[in-house]
Amino acid sequence: MRHDLLSDVLSAIKNGEKTGKRETITPFSKLVKDVLLILQKHNYIGEFEYIDDKRGGKFRIQLLGKINDCNSIRPRFYVKKDEYEKWEKRFLPAAGLGFLIVSTSQGIMTHDVAKKKGIGGTLLAYVY
């Protein structure tokens, strides 16, 4: 039984990259789709496609071998618009390397975009 689908997907991606696999198959959800779109936009993963298995669906994700580490952030901390640097220091290895994924009132985005828009949100994951 799955409790945190985003953690399961990010773990599957990280483990697939470490073992040198070219693709991985993960469960479907709207949150996972939005996170995968962000990863694809920043060239951490390749193409991904939805597979309808008549039970809930799955994603087939092409791995590029560019992810050093990615993980879900639990518990989901709330971040004010001027607190992003504190969380960058906690989860990212260096300034300008990787990004935090944040759920805001305007959708799911990276912490850089949220900082520019001046909005806070809930931390979901980090990738570098």
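Computed from the coordinates by the stated procedures, all read-outs in this text should not be read as laboratory data. All values reported here derive from a predicted model rather than from experimental measurement. Here the Cβ is made from the backbone with ideal geometry for all residues, glycine too, and neighbour counts use every protein chain on show.
Observations, loosely collected:
- Extended-chain gain in nm, criterion 0.36 nm per residue less alpha-carbon gap, Arg55 and Lys86: 7.1 nm
- Evaluated with a Cβ-only charge set (Lys, Arg +1; Asp, Glu -1), the chain carries a dipole of roughly 160 debye about its Cα centre, given to the nearest 20.
- Whole-number percent relative contact order across the range 5-63, with pairs defined as alpha carbons under 8 Å at least 6 apart: 38
- Highest average packing first - 46-52, 30-36, 73-79, Cβ atoms within 10 Å: 30-36, 73-79, 46-52
- Amide hydrogen neighbours beyond the local backbone of Asn68, cut-off 5 Å, H modeled: Tyr128
- J(HN,Hα) series, the range 6-20, from Karplus relation 6.51 cos²θ - 1.76 cosθ + 1.60, nearest Hz, glycine and proline x: 4, 4, 4, 5, 5, 5, 5, 5, 4, 5, x, 5, 5, 8, x
- Unit Cα scatterers, Debye sum, the range 5-63: log10 I(q)/I(0) for q = 0.15, 0.17, 0.25, 0.26 Å⁻¹: -0.38, -0.49, -1.07, -1.15
- Given the alternatives (i) 16.7, 50; (ii) 14.5, 44; (iii) 12.8, 38, Rg and Dmax of the Cα atoms in Å as computed for this entry is given by (ii).
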